[in-house]
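Worksheet: the structure to be examined is printed underneath.
Only the coordinates and a few stated rules stand behind these numbers; no lab work does. None of these values were measured; they are calculated from a predicted model. FYI the Cβ positions are ideal-geometry reconstructions off the backbone, even for glycines, and counts take in every protein chain you see.
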Amino acid sequence: MEKNLLKYIMVMQGILDKKICKQTISELSKLKKWEKHKFYNPTTNQYEYLSGDKELSTIYSNIKHKLFIEEKIKLAIHTYISELKFSWFNGYQAFNEIRFNKYSLKTKMAEHCDHIHSMFDGNKKGIPILSIVGLLNDNYKGGEFIMFQDKQIQLKTGDILIFPSNFLFPHKVDPVIKGVRYSFVSWVY
C-alpha cells in the first residue's frame, strides 16, 4: 500500500470529448436557477457560506449530455479502483447525481474536505468514499484546484479528477480572475 497521499489523486486526461464539454457549457449558461454553494457544518447543524459573497454557484440539471458524462464517470471510477489493486477495495455501490459548478469572476470554493452527509441521509445510504471533479473548460484565468494547501492539480478541458473523500484530502478552488470556470462534481459511495 502506498503511503504517499499524492498517489491517491488521479487525473484522467481528456476523458470527456471537448465538443461535448462546449455543448454542455452552452446549455448550462442558459440555466437561470443557479444557487450559491453552501457547506454543511456538523457542529452547528447549519449550512453556511464559507467564502461569503465570493461563493461559487451550483445547479443540478438533466442536461442533454448528462448520460454521456455519467458513463465517463463510471469508466473513471473503474479505472481508479483497478489501478489501486486493493483486494479490500474492488467496487462501489453508486455515485450521486452530478452537480454542476459555475465560478464567475472572483468566486471560489473555500478549503474543505468532502465529509458529505446530506445526500446520504435520505433514501441513499452509504458514506462517500471517492470525490470526482470534472472540468468542462479551461479558458479562464485563476480558478486553480489546490490540494493540501499548496499542491496545484493541473486540469484541462475534459479531464476528470478522482481522490478519496476524507479529511486527509483538503482542497479548494482559487478565485477566478478572468472568464467563467465550469466543472461538475459527484461522490462515489
Among T157, T24, T43, residue whose mean-square fluctuation peaks in a GNM of the chain (springs only between Cα atoms under 10 Å):
T43
Farthest toward positive dipole pole in the chain [+1 Lys/Arg, -1 Asp/Glu at C-beta], among F100, V133, L161:
F100
With -39,500 (n - 2.57) per DSSP H segment of 4 or more residues and division by the full residue count of the chain, the 222 nm estimate, nearest 500 deg cm²/dmol, is -5500 deg cm²/dmol
Give the whole-number value, in cubic angstrom per residue, of the convex hull volume spanned by the C-alpha atoms of the stretch 86-165.
135
Once you have a ≥ b ≥ c as the square roots of the Cα gyration tensor eigenvalues for the chain, tell me rounded if a/c is under 1.5, and otherwise prolate or oblate according to whether a/b is larger than b/c.
rounded
Calculated FRET efficiency, Q23 and K106, Cβ-Cβ r, R0 25 Å, to nearest 0.05?
0.40
Only Lys, Arg, Asp and Glu count, each charged at its Cβ (+1, +1, -1, -1), so figure out the dipole size of the chain about its Cα centre, rounded to 20 debye.
560
Note down the nm distance, to one decimal, between modelled labels 7 Å out along Cα→Cβ at H78 and at Q152.
3.5
Under a 10 Å cutoff between Cα atoms, tell me which one of D114, D53, D138 has the largest fluctuation in the Gaussian network model of the chain.
D53
Run down the aspartates and glutamates and flag those whose C-alpha is under 12 Å from the C-alpha of K18, throwing out any fewer than 8 positions away in its chain.
D138, D159
